[in-house]
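Before any comments, here is the structure.
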Amino acid sequence: MSDKEVLLTQDGLKRLEDELENLKSVKRREVAERIKVAIGYGDISENSEYEDAKNEQAFIEGRIITLEKMLRNARIINNEEIDLETVSIGSTVVVEDLEYGDTMEYTIVGTAESDPLNNKISNESPVGKAIIGKKKGTTVEVNVPAGIIQYKIVDIKM
């Protein structure tokens, strides 16, 4: 991961800090205990519990490094920066699919916070890129694998 600026909302910052704290204070201890127990089983060269615990330890340490780097490079988007006239990170946007008439509501977040299943899309996603910086009433085209989708920005909220 490069030293690229990581854009976060206040909620996203808290979530990453909580995850980091949990990994450092709880998960590290749990995996250390698993390794200790697995070593007690004897020969570690053919010990799957030991291998699994060591793999989990490597994953946890890698995630800690990633989170620390993200938090070091974080820029927090404050509510004062959210303009209800223009789509920006932190905005909740209602868009209408002009072909089918369906409406969807998305919250625009930085890539570290994106969670499409909960309608939090990255500013770097195809839809995010298309609507960021646009105003209510604007029609945008989004390139997707199936072709081009036209969305109209119906509303911008906080």
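Loop-resident trypsin sites (Lys or Arg not before Pro) (DSSP state other than H, G, I, E or B) in the range 1-52 with no more than 16 further Cβ atoms inside 10 Å of their Cβ: Lys4.
In plain terms, if you count all Cα to Cα distances in the range 6-76 and split them into 10 Å steps from zero, the share in each step is 20, 39, 23, 14, 5 percent.
The mean sequence separation of alpha-carbon pairs under 8 Å and at least six residues apart, normalised by the residue count of the range 86-157, gives a relative contact order of 36 percent.
Over the chain, with a Gaussian network built from C-alpha contacts below 10 Å, which listed residue (Ile39, Ile132, Ile89) shows the highest mean-square fluctuation? Highest fluctuation among the options: Ile39. The mean sequence separation of alpha-carbon pairs under 8 Å and at least six residues apart, normalised by the residue count of the chain, gives a relative contact order of 23 percent. Close Lys pairs in the chain, defined as Cα atoms under 12 Å apart and 8 or more places apart or on different chains, number 7.
Beta bridges per DSSP, both residues in the chain: antiparallel share near 75 percent. Taken along its three principal axes, the alpha carbon spread of the chain comes to 68, 36, 24 Å, from the longest extent down to the shortest. Helical runs (DSSP H, four residues minimum) scored at -39500 (n - 2.57) apiece and divided by the length of the chain put the mean residue ellipticity at 222 nm at -11500 deg cm²/dmol.
In square nanometres, what is one fourth of the surface area of the convex hull spanned by the alpha carbons of the range 86-157? Result: a mean projected hull area of 4.3 nm². Using C-alpha pairs below 8 Å separated by at least 6 residues, the relative contact order for the range 1-79 is 57 percent.
For the range 10-158, the per residue solvent-accessible surface stands at 61 Å², with DNA, RNA and ligands left out and a 1.4 Å probe.
The values are calculated or read from the model by the stated rules, or taken from the named source; none is laboratory data. Note that the structure is predicted; figures quoted are calculated from it, not measured. Every residue, glycine among them, receives a Cβ derived from its backbone with ideal geometry; neighbour counts consider all protein chains shown. Heavy atoms of the whole protein, side chains included, go into the accessibility calculation; ligands, DNA and RNA do not. Shrake-Rupley method; radii C 1.70, N 1.55, O 1.52, S 1.80 Å.
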